[in-house]
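Have a look at the structure below before the remarks.
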Amino acid sequence: MSRRPQSYDESDVRVRPGKGSRPRTKQRPTHDDAADAMVVSVDRGRWGCVLDGDPERRVVAMRARELGRTPIVVGDKVSVVGDLSGRPDTLARIVRVAERTTVLRRTADDTDPYERIVVANADQLLIVTAMADPPPRTGFVERALAAAYVGGLSPILCLTKSDLADATEFAAAFADLDLPIVAAGRDDPLDAVLRILDGHLTALIGHSGVGKSTLVNRLVPEADRATGVVSGVGKGRHTSTQSVALPLPGDSRPRTWVVDTPGIRSFGLAHVSADDIVHAFGDLRDAIENCPRGCTHLGPPADPECALDGLDGHSHRRAMAVRGLLAAVSSGAAPTDAPVADTPAPDTPADPETDPAG
């Protein structure tokens, strides 16, 4: 049986270009015309950025291919190119990430090697703690302090729900650390808080249910951050699921920003050493130069020759307070007695494209 010959035309022909037909170069554009911006939000591989720190000039950007999987988080200073009009459905590109001046990191627990960057380039850390419902826990504050000292942020303790319980005893536990303390209950004026925040980029952290989002709504009324209730067993419900930087109203220069972060279940410090914490205090940093090698600065009996024991006056009181801090954060895994969220908390390693921690 003979086969009928097939007919071909030019549409049936596919010619693959040779490997040498396409010019290749390792040179990359310098993007000298890139605009400076700050990242204010992260959502599923898209970054909200404000040009020159002006909240009225907001663009949505993607990460340029040449950056690979470089993590980009809220607070990062970046360079952007492309469509910078900010019109709906437009997209710019992040082509550079500037070196960070400060970094607030945490891990899920003290053995987890996966570090989550909470915020970059923040000047201050406002640790929001309720005096009741849920009850305050010194362990979380101690760990947040350690992370702030190591990351280069100035910590501030912010007490909420002080109308439900006296804050004197809890605040006294941190007196010798020279830690600023402000009250921000529902009925407390916010003058002291606003003075501390003025001109700074400040990150707010706290367990769910402590009133952090309520405080943000008072500071930035148009923010309309979701608020929740605390269940009868003292467990908070996560109401903020993404970190976001918000400008405070007014025309102060430099502009004041606060970063509202999701409620945190635990604060692991796998990346923190004893020396990292002590180095945050100038007088103590100089003293431990005389410590023997391998000293953990916990004092006798573990470290009978620790140089911190030779200090006197205020430095000695502060050294003992820091020693207590070291003992608290080195006692084991990160505390898990924090309010447990009814919705998933960002404690599970995820693809940096979608994980707000990068």
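The values are calculated or read from the model by the stated rules, or taken from the named source; none is laboratory data. Since this is a predicted model, take the numbers as computed values, not measurements. Note that each Cβ is placed from the backbone with ideal geometry, even for glycine, and that neighbours are counted across all protein chains shown. Areas reflect the complete protein model, heavy atoms only, side chains present, ligands, DNA and RNA absent. Shrake-Rupley method; radii C 1.70, N 1.55, O 1.52, S 1.80 Å.
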For this session: Please go through region 149-205 and pick out each residue that is hydroxyl-bearing (Ser, Thr, Tyr) and not in a loop (DSSP other than H, G, I, E, B).
Result: Tyr149, Ser154, Thr160, Thr168, Thr202
Seminar exercise, completed: Result of the Cβ filter at 8 Å on region 85-98, keeping first residues that are open to solvent by 70 Å² or more (accessible area, probe 1.4 Å) and partners that are part of a loop (DSSP other than H, G, I, E, B), at least 6 apart or interchain, is Arg93/Ala64; Arg96/His31; Arg96/Ala34
Exercise. Which one of Phe140, Phe170 is buried (at least 19 other Cβ atoms within 10 Å of the Cβ), at pLDDT below 90 and under 22 Å from Gly185 (Cβ atoms)?
Worked result: Phe140
For this session: Take region 110-127 and flag every residue that is crowded, with 17+ Cβ neighbours inside 10 Å and more than 14 Å from the chain's Cα centre (by Cα).
Result: Asp110, Asp112
For this session: May I ask you to list the residues in region 127-144 that are in contact (Cβ under 8 Å) with a residue 60 or more places away in the chain and in contact with a Lys or Arg (Cβ under 9 Å, 6 or more places away or on another chain)?
Result: Val128, Thr129, Ala130, Asp133, Pro134, Arg143, Ala144
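In the set Thr101, Thr107, Thr70, which member is β-branched (Val, Ile, Thr), over 18 Å from Asp260 (Cβ atoms), at pLDDT below 95 and open to solvent by 10 Å² or more (accessible area, probe 1.4 Å)? Can you show your working first?
Values: Thr101 fails: at pLDDT below 95; Thr107 fails: open to solvent by 10 Å² or more (accessible area, probe 1.4 Å).
When all the criteria are applied, what remains is Thr70.
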Exercise. Which condition does Ala132 not pass, out of (1) over 18 Å from Leu246 (Cα atoms); (2) open to solvent by less than 10 Å² (accessible area, probe 1.4 Å); (3) hydrophobic (A, V, I, L, M, F, W, C), if it passes all the others?
Worked result: (2)
Problem set entry | Output for region 42-67, where each listed residue is loosely packed, with under 14 Cβ neighbours inside 10 Å and under 15 Å from His31 (Cβ atoms) | Arg65, Glu66
